[in-house]
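**Student:** One structure, pasted below without further comment.
Derivation of every value follows stated rules applied to the coordinates shown; laboratory data play no part. In this text the structure is predicted, and so the values were computed from the model without any measurement. All Cβ positions, even for glycine, are placed from backbone atoms using ideal geometry, and neighbour counts span all protein chains on display.
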Amino acid sequence: MDDGTPPYPRAPSSRYSSYPGSWAAGSDASVDQPHYDASLAEATEKREREMSFTEAVQADKRLILYSLGFSGTIVMEGYGLVMITYLFTLPVFNETFGQFDADTQTYEISYQWRVLLPLVALMGAIVGVALASPITNRLGYKRATQILLLCSGGLVFLPFFAATVEILLAGFLLQSIPWGAYQVISPAYSSELASLQLRPILTTWNNLCWVLGQLLASGVAKGLEGAHSALSYKVPFGTQEGSPTRVGRPGASSAEGVPTASTRRWR
């Protein structure tokens, strides 16, 4: 018979008086909050350690697919960084964004821009790495990734339609910010969601996705070898939005949230 006794031990309200949100002192301070059961967490961890690899795969089939979907976003970074250096070898790209050299009778991009364009992409990635943590703490992995994917899809039009090297520079800088955030979000999501048996494999898969992006860039470059139109450098940008982004977007949209991420937001 239900005698009104709560199913969990009560904790004094003063224990949560320093916490923000619904646990803060004030009108809600008198509401008792549930006490976290450390023994349950220890039992869960012990169970995960005792599971075999086959049991872990069978138990986490959906979670594996979600993790693979998040990992697809890292393909974009490996693809984009390699593609930037490939563009310098295209005569049409040099003619569009470079200057005519009377000595060689060809169009060339100056040495300063050759150094600066890849450099700003790396700088933007560093900014993205720094922003990833506060963004995910506030929005969660799923929503943060969805927003970043929308930004990646929109920012690709800057280099695609760029008419000057300055616009190209701005496009590379802004594009690389989501790239850097993907480096943090994807392995962190895999690490927090997967069981102990699958965690090393799924986090390592993130590194492999970076290599897959480089291979994809090499394949696109080989396919466009010898092209003499503006499509020779526009198609790689379109491929970047159309392929890896489409891989990561469904995975991030259908993925489940991470409980620890909600806990950090006091939910």
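**Student:** So for each of 107-113, 91-97 I average, over its residues, the number of other beta carbons within 10 Å; can you give me the resulting order with the highest mean first? Write down the numbers at each step before the final one.
**Tutor:** Working: 107-113: 14.3, 91-97: 18.0.
Ranking the peptides 107-113, 91-97 by packing returns 91-97, 107-113.
**Student:** Give the distance, in whole Å, between the Cα centre of region 203-236 and the Cα centre of region 92-138.
**Tutor:** 17
**Student:** Run down the lysines and flag those whose C-alpha is under 16 Å from the C-alpha of Lys222, throwing out any fewer than 8 positions away in its chain.
**Tutor:** Once the sequence-local lysines are set aside, what remains near Lys222 is Lys234.
**Student:** Relative to the present Cα-Cα distance, how much length would full extension add between Asn137 and Phe88 at 0.36 nm per residue of separation? Spell out each step's value before the answer.
**Tutor:** Values: separation 49, 0.36 × 49 = 17.64 nm, distance 3.88 nm.
Gain on extension, Asn137 to Phe88, equals 13.8 nm.
**Student:** Now for a different question. Taking the Cβ-Cβ separation of Val57 and Tyr107 as r and a Förster radius of 45 Å, what is the calculated FRET efficiency to the nearest 0.05? Intermediate results must be reported in sequence, preceding the final value.
**Tutor:** On the way: r = 54 Å, r/R0 = 1.21.
With R0 = 45 Å, the Cβ-Cβ based efficiency is 0.25.
**Student:** Where does each of Cys151, Cys209 land when they are ranked from fewest to most other beta-carbon atoms within 10 angstrom? Spell out each step's value before the answer.
**Tutor:** Numbers: Cys151 15, Cys209 23.
Fewest to most other Cβ atoms nearby, the residues stand as Cys151, Cys209.
**Student:** How much length would be gained if the chain were fully extended between Glu45 and Ala130, taking 0.36 nm per residue of separation minus their Cα-Cα distance, in nm to one decimal?
**Tutor:** Numbers: separation 85, 0.36 × 85 = 30.60 nm, distance 3.03 nm.
Here the answer is 27.6 nm.
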